[in-house]
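Novice: So that we are looking at the same thing, I have put the structure below in structure tokens.
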Amino acid sequence: MQESVMKAWWDSSHMAGANAAYVEALYEAYLDDPQSVTDSWRSIFDALPKVDGVELESNHSQIREQFKKLAALGPLARCSTGKSSDTSNQSDEKQVKVLQLINAYRFRGHQHANLDPLGLWQQERVRDLELSHHSLSETDFDTVFNVGSYAIGKETMPLGELFKSLNRTYCSSLGAEYMHITDTEQKRWLQQRIESVEARPEVDRDTKINILKGLVAADGMEKYLGSKFPGAKRFSLEGGDALIPMLKGLITEAGTQGTKEVVVGMAHRGRLNVLVNVLGKNPSVLFDEFGGKHDESLGAGDVKYHAGYSSDFATPGGNVHLALAFNPSHLEIVNPVVMGSVRARLDRRENDEGKVLPVTIHGDSAIAGQGVVQETFNMSQTRGFAVGGTVRIVINNQVGFTTSKIQDTRSTQYCTDIAKMVQAPILHVNSDDPEAVLFVTKLALDFRNKFKRDVVIDLVCYRRHGHNESDEPNATQPVMYQKIKKHPVPREIYADQLIAEGVLGEQDVNKLMEDYRAAMDHGACVVEEWRPMTEHSVDWHPFLGHDWDTPYDGSISLETLKHLGERLVTYPEDHKLQSRVNKVYTDRKAMLAGDRKLDWGMAELLAYASIVKEGTSIRFSGQDSGRGTFFHRHAVLHNQTDSSAYMPLQHISEDQAPIEIYDSVLSEEAVMAFEYGYATAEPECLTIWEAQFGDFANGAQVVFDQFLSSGEAKWGRLCGLTVLLPHGYEGQGPEHSSARLERFLQLCADHNWQVCVPSTPAQVFNMIRRQVIRPMRKPLIVMSPKSLLRHPMAVSSLEELSEGVFHNVIGEIDELTAKDVKRVVMCSGKVYYDLLDQRRKNEQTDVAIIRLEQLYPFPQEECAKIVAEYSHVKDWVWCQEEPQNQGAWYCSQHHFWQVIPDGAKLTYAGRPASASPAVGYLSVHNQQQKNLVEDALTIK
Ligand code: AMP
């Protein structure tokens, strides 16, 4: 058919004009459920283009184009329903409208659901949920329609019945948002589960009683604490009481399905309640804490509503280990920590995602407000960070401290909209309907276990008191709190329901409450399912009680080193390397042959190879870790022919431990927190996080402050995470020079972590090995190099590597006569080579240079030994590249003073104090660098 003829046909055919809309509607119905249209229409729609067997949700102009083409192939009758009369068209049209109505409820029913226990939400009118919007009315109620894919278990229903059913399913206590999911299987699965029971399955008597017991416990515990410790902060759960039966139900069901460990992260709201009523912490211990008693073994300790806890919980499928992660006051930061911890546990359990369940509990303002939540959603399906999906629960009490107006807290209707970025189903539920809560909890768990993806439960509740119990909420939320004051507690509401249903009598309810109070008086564990811990699989004892100076043997034979080196430079013959990478590998082969000394990259990889060979696994993540930001590592080789990747480190030997190197998502905060979580859950793995540039660690400041530097002092949790932070003044400007060494030094105390600045390949080799060989797990902060990676003087011999010792201090390497030395310069890092080079050029013999390779814990004794040679020297200098207010000068000066001879003076040679870490102009940088080196070497 000529194009013009076709156009004429189209314009005049019943496919055009108003009928086009009809066909489009039919097509939409078909997309949603192919069985919902007649056979003839289906065969036409089936002929439309597909990708991998999936219909394209093509735009309608494309569909029209397809119809034009189809029309060109045959008579108009092809498009007919088989009934040519207007009447049949009309009933087909109504049928389509009914299917559209079903679709509308699936999409937007949640907007009319009864979600707010206080009834204060102002819901906008959703016309799509009205019959009239679909040209239907009550006069059609008796007409029987095909219900398409509506999974009620019937093919047809009278409209009246269907309409009621839709309202029960989508507009009751559950508001299900899932139509944003593009995966048809997931969408259909959710529809099946929700629609088949109209969102309200039968609940048996035992379950009902268990739910009530949970509510009695939730309420009873808060009341008990409130009367025993009036005015004390406890961040009561009251209003969100359903969380207790919900969590217990979740754990029980997970255990029944084979889960062995559940790791929970939550902020302070309701935490004490969860500790006592779910994890089984003894109330008497909690009361003691309220009374001021504390664990003497911890250094700083922490407030009780940040404390973590571990226990086992009996379920029909066996005991489940529960770990509530310690949490600081940064509300959402614990989420990636939990996920990292879960990943470590999964790695121990052969990556069977069903065995370990992460549960994160969020606040409504925080989940929408804090960027780390987005970061974790983004990580949730990635290779290096996936944990088989997280069950995320929002305790949506509708207030963030004192802020509750939506226009102040977020820009979206729901606080959970962030979850749509990974197409997670979002199940809003009215917490005053605990049976609905239990239904969505099981639904969420099953979804997570089946699809290994995140799922969100928005537990819509309220907060009976202020932010804490001494706060006055009426000052900021007067109407809400007038309502709350009159609102019955969840236990009362549900007890009344069970009494009305005849499940229990009033006396039975009273007895449950009395029993709970008596248990509290008794102070013993109130969780029937509590069991002593047997299910966790790591023993931390070997790592307890060691400090950084614990002796260790890191030596390794030359023969072994050479063998490891050979394995490192071996890759399949057909794995074609890019020319610059090939050069790196050719050089590495020359290093092994003894034709050149080892550079940084080779020494670093040899360290990893030796560690996995000796049986310790390695997990390494960072933004460019496979290649290395500065093109030095090339641990992952990319075949230039087909982009396949090969990691020689995974082919060191048959019996080696696993090693994974992941290029991470472009995040610092969540990735660092994830690795912290991993390292605190797995002492038998060298866990490394690398920043692209050192100062990018700023984005993870909360993790350094609240977890890494202080976690052991606050919570007694050891962590052997190694953090590589590229640092060095090479003239790259303010953002790419400094890893902000001063910030890490400022956080040093109690031997909380190690801060090292290795200056040779042998040092990095032995530093990395020391981190795993020594039976101590403390974080290691490394100022790692940039230009030193290729510096001709920063090279080492295999012998130096094999020695197996990390030197915390390195004395003078040139053959100076100690008694001729008039000045000693102490320094760390790259500036050492500038000083050495210049001194050699100057042919100076009166200035000695000492390198401090570990700034914290300060190696007092080793330093004293080296310094002893220069006890006659009165002129001591600390030289650094950083501005005076940065670097080690202010933070470590007290250590320097302690090691220099009595009566000696200590002066500073470095950049002047500066608000910016570095200048932006190369010429100024060069001049500054020249000045500071001159300054350090010039004896005045
Ligand atoms: P979890 O599996 O996290 O519940 O931990 C179980 C037990 O192992 C805890 O009760 C601690 O005794 C111990 N533990 C876990 N993580 C650490 C850690 N990072 N440092 C020291 N001990 C730990």
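The values are calculated or read from the model by the stated rules, or taken from the named source; none is laboratory data. If you're wondering where the values come from, they're calculated on a predicted model, not measured in any experiment. Heads up, the Cβs are rebuilt from the backbone with ideal geometry, glycines too, and the neighbour counts pull from every protein chain shown.
Novice: With respect to the numbered conditions (1) surrounded by 14 or more Cβ atoms within 10 Å (Cβ to Cβ); (2) of a type in the set (Asp, Glu); (3) modelled with pLDDT of 95 or more; (4) over 26 Å from Tyr414 (Cα atoms), which one is the sole condition not fulfilled by Glu93?
Specialist: (3)
Novice: In addition: When you scan the range 92-191 for strands (runs of 3 or more DSSP E) that lie fully inside it, which ones turn up with 1 or more residues that are over 30 Å from Gln407 (Cβ atoms)?
Specialist: Output list reads 144-146, 156-158.
Novice: Tally the residues that are under 24 Å from Ser664 (Cβ atoms), in a strand (DSSP E or B) and out of contact with any Lys or Arg (no Cβ under 7 Å at 6 or more places or on another chain), restricting the search to the range 354-375.
Specialist: 3
Novice: Mind listing just one residue for me: the one in the range 668-702 that is part of a loop (DSSP other than H, G, I, E, B) and within 16 Å of the ligand (Cβ to nearest atom) and, of those, nearest to Arg567 (Cα to Cα)?
Specialist: Out of the qualifying residues, it is Glu684.
Novice: Okay, moving on. Any chance the range 582-594 includes a residue that's touching a Ser or Thr at 6+ places or on another chain (Cβ under 8 Å), closer than 28 Å to Asp642 by Cα and of a type outside the set (Phe, Trp, Tyr)?
Specialist: Checked against the condition, which is being touching a Ser or Thr at 6+ places or on another chain (Cβ under 8 Å), closer than 28 Å to Asp642 by Cα and of a type outside the set (Phe, Trp, Tyr), the range 582-594 yields no hits at all.
Novice: Identify, from the list Glu253, Glu261, the residue that is of a type in the set (Asp, Glu), modelled with pLDDT of 95 or more and under 21 Å from Val437 (Cα atoms).
Specialist: Glu253
Novice: Taking Val665, is it assigned to a helix (DSSP H, G or I) and away from the ligand (no atom under 16 Å from the Cβ)?
Specialist: no
Novice: Can you say whether Gly292 is away from the ligand (no atom under 16 Å from the Cβ) and surrounded by fewer than 20 Cβ atoms within 10 Å (Cβ to Cβ), as far as the supplied structure shows?
Specialist: yes
Novice: Output the residue which, of all residues in the range 773-797 that are surrounded by fewer than 24 Cβ atoms within 10 Å (Cβ to Cβ) and of a type in the set (Val, Ile, Thr), is nearest to Asp549 (Cα to Cα).
Specialist: Ile773
Novice: While we're here: Just give me the residues in the range 268-289 being away from the ligand (no atom under 15 Å from the Cβ), out of contact with any Pro (no Cβ under 9 Å at 6 or more places or on another chain) and touching a residue at least 12 places away in the same chain (Cβ under 8 Å), in sequence order.
Specialist: Hits for the range 268-289 are His268, Arg269, Gly270, Arg271, Leu272, Asn273, Asn277, Pro283, Ser284, Leu286, Phe287, Glu289.
Novice: Scan the range 814-868 residue by residue and report those that are acidic (Asp, Glu), closer than 30 Å to Trp753 by Cβ and surrounded by 14 or more Cβ atoms within 10 Å (Cβ to Cβ).
Specialist: Matches in the range 814-868: Asp834, Glu853, Glu862.
Novice: Of the residues Glu222, Glu238, Glu195, which single one is closer than 29 Å to Thr390 by Cβ, at pLDDT 95 or above and among the charged types (D, E, K, R)?
Specialist: Result: Glu195 is the single residue among Glu222, Glu238, Glu195 that is closer than 29 Å to Thr390 by Cβ, at pLDDT 95 or above and among the charged types (D, E, K, R).
Novice: Considering each residue of the range 128-143, count those that are touching a strand residue (DSSP E or B) at 6+ places or on another chain (Cβ under 8 Å) and either modelled with pLDDT under 95 or surrounded by 14 or more Cβ atoms within 10 Å (Cβ to Cβ) (or both), and give that number.
Specialist: Matching residues across the range 128-143 total 2.
Novice: Read through the list (1) free of Cβ contacts under 8 Å to residues at least 24 places away in the same chain; (2) surrounded by 12 or more Cβ atoms within 10 Å (Cβ to Cβ); (3) more than 30 Å from Arg770 (Cα to Cα), then give the number of the only condition that His563 fails.
Specialist: Going through the list (1) free of Cβ contacts under 8 Å to residues at least 24 places away in the same chain; (2) surrounded by 12 or more Cβ atoms within 10 Å (Cβ to Cβ); (3) more than 30 Å from Arg770 (Cα to Cα), His563 breaks only (3).
Novice: Further question: Before we move on, is Val933 aliphatic (A, V, I, L, M), exposed (fewer than 15 other Cβ atoms within 10 Å of the Cβ) and assigned to a helix (DSSP H, G or I)?
Specialist: Considered against the rule, which asks whether it is aliphatic (A, V, I, L, M), exposed (fewer than 15 other Cβ atoms within 10 Å of the Cβ) and assigned to a helix (DSSP H, G or I), Val933 comes out as no.
Novice: For the structure I just gave you, tell me whether Tyr608 is hydroxyl-bearing (Ser, Thr, Tyr) and in a helix (DSSP H, G or I).
Specialist: For Tyr608, the condition - hydroxyl-bearing (Ser, Thr, Tyr) and in a helix (DSSP H, G or I) - is met.
Novice: Here's another thing I want to ask about it. Among (1) under 30 Å from Trp689 (Cβ atoms); (2) out of contact with any Phe, Trp or Tyr (no Cβ under 7 Å at 6 or more places or on another chain); (3) within 16 Å of the ligand (Cβ to nearest atom); (4) not in a helix (DSSP H, G or I), there is one condition Asp312 misses while meeting the rest; what is its number?
Specialist: With respect to (1) under 30 Å from Trp689 (Cβ atoms); (2) out of contact with any Phe, Trp or Tyr (no Cβ under 7 Å at 6 or more places or on another chain); (3) within 16 Å of the ligand (Cβ to nearest atom); (4) not in a helix (DSSP H, G or I), Asp312 is out only on (1).
Novice: Could you check the range 519-546 and list, in sequence order, the residues that are near the ligand (Cβ under 9 Å from one of its atoms), surrounded by 12 or more Cβ atoms within 10 Å (Cβ to Cβ) and in a helix (DSSP H, G or I)?
Specialist: Matches in the range 519-546: Phe543 only.
Novice: Still on this structure: Does Gln423 count as crowded, with 22+ Cβ neighbours inside 10 Å, among the polar types (S, T, N, Q) and on the phi > 0 side of the Ramachandran plot?
Specialist: For Gln423, the condition - crowded, with 22+ Cβ neighbours inside 10 Å, among the polar types (S, T, N, Q) and on the phi > 0 side of the Ramachandran plot - is not met.
Novice: Quick one: in the range 315-328, which of the residues that are within 21 Å of Tyr678 (Cα to Cα) and either over 20 Å from the mean Cα position of the chain (by Cα) or of a type in the set (S, T, N, Q) (or both) is nearest to the ligand (Cβ to nearest atom)?
Specialist: Residue satisfying both the conditions and the ranking: His321.
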